[in-house]
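In what follows, a structure is listed as structure tokens, so that the remarks can point back to it.
The values are calculated or read from the model by the stated rules, or taken from the named source; none is laboratory data. Just so it is clear, the structure is predicted and the values come from calculations on it, not from any experiment. As a convention, Cβ positions derive from the backbone with ideal geometry for all residues, glycine included, and neighbour counts pool all protein chains shown. Just so you know, the surface numbers come from the protein's heavy atoms only, side chains and all, with ligands and any DNA or RNA stripped out. Shrake-Rupley method; radii C 1.70, N 1.55, O 1.52, S 1.80 Å.
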Amino acid sequence: KVLDASTLSFGTRVRWFAICFVAGILCSFLGTALLWLPKGIKLFAVFYTLGNIAALASTCFLMGPVKQLKAMFDPKRLIATIVMLLCLILTLCAVFWWNKKGLAVLFCILQFLAMTWYSLSYIPFAR
């Protein structure tokens, strides 16, 4: 019952959705701004990835976490979800373990494309 979105009022769910979504956008923009600092690639990758995770998590407030996970792994958007999650992980791997700046930027671009593809999977006939 705690994981169900219906335990929160509609106004509360919308408010927290907006807060998480705006926080995600701000983290992504902050990460992009930090890219231009010396050795800012790590901060860029972390903030950009956190921004995408926050934006993704924001929909949990509207749908509820369990319903969100079921929707994410629905067969019609399974590939988009896997590619998106893989890009999130590979971005952090590229910057922290492999120390490949160019690869980290490439995975951030792929992250953006994967998030767009994932988002479009919720719109009928947009895939």
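With respect to Thr32, is the statement that it is assigned to a helix (DSSP H, G or I) and in contact with a Ser or Thr (Cβ under 7 Å, 6 or more places away or on another chain) true? Spelling it out, it is not the case that Thr32 is assigned to a helix (DSSP H, G or I) and in contact with a Ser or Thr (Cβ under 7 Å, 6 or more places away or on another chain). If you go through the stretch 46-59 and keep only what is of a type in the set (A, V, I, L, M, F, W, C) and modelled with pLDDT under 90, you end up with Ala55, Leu56, Ala57. Restricting the stretch 92-127 to residues that are of a type in the set (Ser, Thr, Tyr) and open to solvent by 30 Å² or more (accessible area, probe 1.4 Å) leaves a set whose member that is farthest from the chain's Cα centre (by Cα) is Tyr122. The one condition from (1) open to solvent by less than 60 Å² (accessible area, probe 1.4 Å); (2) farther than 25 Å from Phe96 by Cβ; (3) at pLDDT 85 or above that Phe21 does not meet is (1).
For the stretch 92-127, the set of residues classified as in contact (Cβ under 8 Å) with a residue 40 or more places away in the chain, out of contact with any Leu (no Cβ under 8 Å at 6 or more places or on another chain) and of a type in the set (S, T, N, Q) consists of Ser121 only. The set of residues in the stretch 30-45 being surrounded by 19 or more Cβ atoms within 10 Å (Cβ to Cβ) and modelled with pLDDT of 90 or more consists of Phe44, Ala45.
Here Cys27 passes the criteria (1) under 21 Å from Tyr122 (Cβ atoms); (2) buried (at least 17 other Cβ atoms within 10 Å of the Cβ) except the one numbered (1). Tell me, yes or no, whether the stretch 61-69 has at least one residue that is among the β-branched types (Val, Ile, Thr) and either modelled with pLDDT of 85 or more or surrounded by 14 or more Cβ atoms within 10 Å (Cβ to Cβ) (or both). No, every residue in the stretch 61-69 fails to be among the β-branched types (Val, Ile, Thr) and either modelled with pLDDT of 85 or more or surrounded by 14 or more Cβ atoms within 10 Å (Cβ to Cβ) (or both).
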